[in-house]
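Participant: Sharing a structure with you now.
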C-alpha cells in the first residue's frame, strides 16, 4: 500500500496516519462485505455528474481538453469503472456540454439554468431520470482522476450505515497545507462519523499553530446521498454554519443528521482554474494515464 501523500514528516505523524488508515481500511472491508454479502439496503445507486458551463473562475471548464479528452469525458469514464453504480448520467443546462457528452456516449439529463449548486442540480436530475434509486452519488465534474474505488467506498459505507443520510471521504493532509483555506478539513468521532468541517485549521489548538504530529484530514468533495434525504436537504433553508464556512455539508450536521466518513489514499486534486490543467496533465503522465 502506497504511503499517504505528504506523510514523510515526523515518525510520530506517520505512525498516527498509518494507524488511522489501517483502522479505516479494515472497517471499509467489513463494510463492503456486509453491504455486498449481508442484508442489502439502499441497493439501487445512480451516479450524477453535475456540469455547468458558466463558471466564474473557469468558464467552459467541463469542455477543457486534458491530454486529448474533455474533462467531462475523463470524469465520466472514471465513474463508469465503479462497480456499485447502476447508472451514470451527466446533468447540465448547457447545449455544448450536452453535445460533447452525446459524442462520447454519455447519458445526459438537461436541468434548469437556475440550479444554484451541483447538489440541487443532482436532485433535479434525479427527479427527471425516470428510475427509482435508493442512493445518489454526486460526482464532481472537475475531478478527471476520481478513483472508482473511492466511489464504491462511499456507496458501501452508506449502505452499511442506516443511521447516516450522507457519506463522504477524507485523506491525509500535509502539515504545510493545513492553513490553506481552499483545503477543507474534517474531524470525525471514533465511529467515523463527521463532527465538523472547516476551511480553517481543524482542530484548532490554543496556540493557533499547526501541530506537525497531528493527523489532519483533508475532505474530498465526493458525496453519496440517501435519495429520499436529497430532496429534504434541498428543501432545507441555508444554515448559519453553512453560510459562515461556505460549506454545504454543514447544513446536514446543523440539522442533526449524520455523515459517515471513510479514509482513503488520494493524491489527485480537481481542476479549479486554468492553471490546474498542466499540473493534472503532468500527474497523468507520471501515472502513465493516456
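Participant: Looking only at residues in region 255-267 that are surrounded by fewer than 18 Cβ atoms within 10 Å (Cβ to Cβ) and under 16 Å from the mean Cα position of the chain (by Cα), which one is nearest to residue 189 (Cα to Cα)?
Facilitator: Applying the filter and picking the extreme gives 265.
Participant: Same structure, new question: Considering only region 95-104, state which residues are exposed (fewer than 15 other Cβ atoms within 10 Å of the Cβ) and in contact with a helix residue (DSSP H, G or I) (Cβ under 9 Å, 6 or more places away or on another chain).
Facilitator: Correct list: 96, 103, 104.
Participant: Tell me the residue from 187, 252, 271 that is at negative phi and either more than 19 Å from the chain's Cα centre (by Cα) or assigned to a strand (DSSP E or B) (or both), please.
Facilitator: 187 is the lone residue from the list that is at negative phi and either more than 19 Å from the chain's Cα centre (by Cα) or assigned to a strand (DSSP E or B) (or both).
Participant: Against the definition (in a helix (DSSP H, G or I), touching a residue at least 40 places away in the same chain (Cβ under 8 Å), surrounded by fewer than 19 Cβ atoms within 10 Å (Cβ to Cβ) and in contact with a helix residue (DSSP H, G or I) (Cβ under 9 Å, 6 or more places away or on another chain)), how does residue 231 come out, yes or no?
Facilitator: yes
Participant: If I ask for residues that are modelled with pLDDT under 90 and farther than 30 Å from residue 284 by Cα, which ones from region 117-153 would you list?
Facilitator: Across region 117-153, the qualifying residues are 130, 131.
Participant: Tally the residues that are more than 14 Å from the chain's Cα centre (by Cα) and either part of a strand (DSSP E or B) or on the phi > 0 side of the Ramachandran plot (or both), restricting the search to region 197-216.
Facilitator: 2
Participant: Name, by its number, the condition in (1) exposed (fewer than 15 other Cβ atoms within 10 Å of the Cβ); (2) within 17 Å of residue 118 (Cα to Cα); (3) under 19 Å from the mean Cα position of the chain (by Cα) that does not hold for residue 238.
Facilitator: Single failed check for residue 238: (3).
Participant: Within region 116-162, count every residue that is more than 27 Å from residue 192 (Cα to Cα) and assigned to a helix (DSSP H, G or I).
Facilitator: Of the residues in that region, 6 qualify.
Participant: Name the residue, out of 195, 173, 202, 145, that is crowded, with 16+ Cβ neighbours inside 10 Å and touching a helix residue (DSSP H, G or I) at 6+ places or on another chain (Cβ under 9 Å).
Facilitator: Of 195, 173, 202, 145, the one residue that is crowded, with 16+ Cβ neighbours inside 10 Å and touching a helix residue (DSSP H, G or I) at 6+ places or on another chain (Cβ under 9 Å) is 145.
Participant: For the list (1) within 19 Å of residue 260 (Cα to Cα); (2) assigned to a loop (DSSP other than H, G, I, E, B), I need the number of the one condition that residue 170 fails.
Facilitator: (2)
Participant: Within region 275-290, count every residue that is surrounded by 12 or more Cβ atoms within 10 Å (Cβ to Cβ) and either part of a loop (DSSP other than H, G, I, E, B) or in contact with a helix residue (DSSP H, G or I) (Cβ under 6 Å, 6 or more places away or on another chain) (or both).
Facilitator: 1
Participant: For residue 222, are the conditions met, namely being surrounded by fewer than 18 Cβ atoms within 10 Å (Cβ to Cβ) and within 22 Å of residue 269 (Cα to Cα)?
Facilitator: Here the answer is no, as residue 222 does not meet what is asked.
Participant: Can you pull out every residue in region 56-94 that is in contact with a helix residue (DSSP H, G or I) (Cβ under 8 Å, 6 or more places away or on another chain), part of a strand (DSSP E or B) and under 20 Å from residue 119 (Cβ atoms)?
Facilitator: 88, 89, 90, 91, 92
Participant: Taking the conditions exactly as written (surrounded by fewer than 23 Cβ atoms within 10 Å (Cβ to Cβ) and more than 21 Å from the chain's Cα centre (by Cα)), does residue 73 satisfy them or not?
Facilitator: The answer is no for residue 73.
Participant: While we're here: Could you check region 220-233 and list, in sequence order, the residues that are out of contact with any strand residue (DSSP E or B) (no Cβ under 6 Å at 6 or more places or on another chain), closer than 14 Å to residue 250 by Cα and modelled with pLDDT of 95 or more?
Facilitator: Within region 220-233, 233 is the sole residue that qualifies.
Participant: Which condition number in (1) in contact with a helix residue (DSSP H, G or I) (Cβ under 6 Å, 6 or more places away or on another chain); (2) free of Cβ contacts under 8 Å to residues at least 12 places away in the same chain is the one that residue 167 fails?
Facilitator: (2)
Participant: Condition first: closer than 11 Å to residue 223 by Cα and surrounded by fewer than 24 Cβ atoms within 10 Å (Cβ to Cβ). Now tell me which residues in region 158-170 satisfy that.
Facilitator: Selection gives 165 alone.
The values are calculated or read from the model by the stated rules, or taken from the named source; none is laboratory data. Since we're looking at a predicted model, the values are computed, not measured. Neighbour counts run over all protein chains shown; Cβ positions are idealised from the backbone, glycine included.
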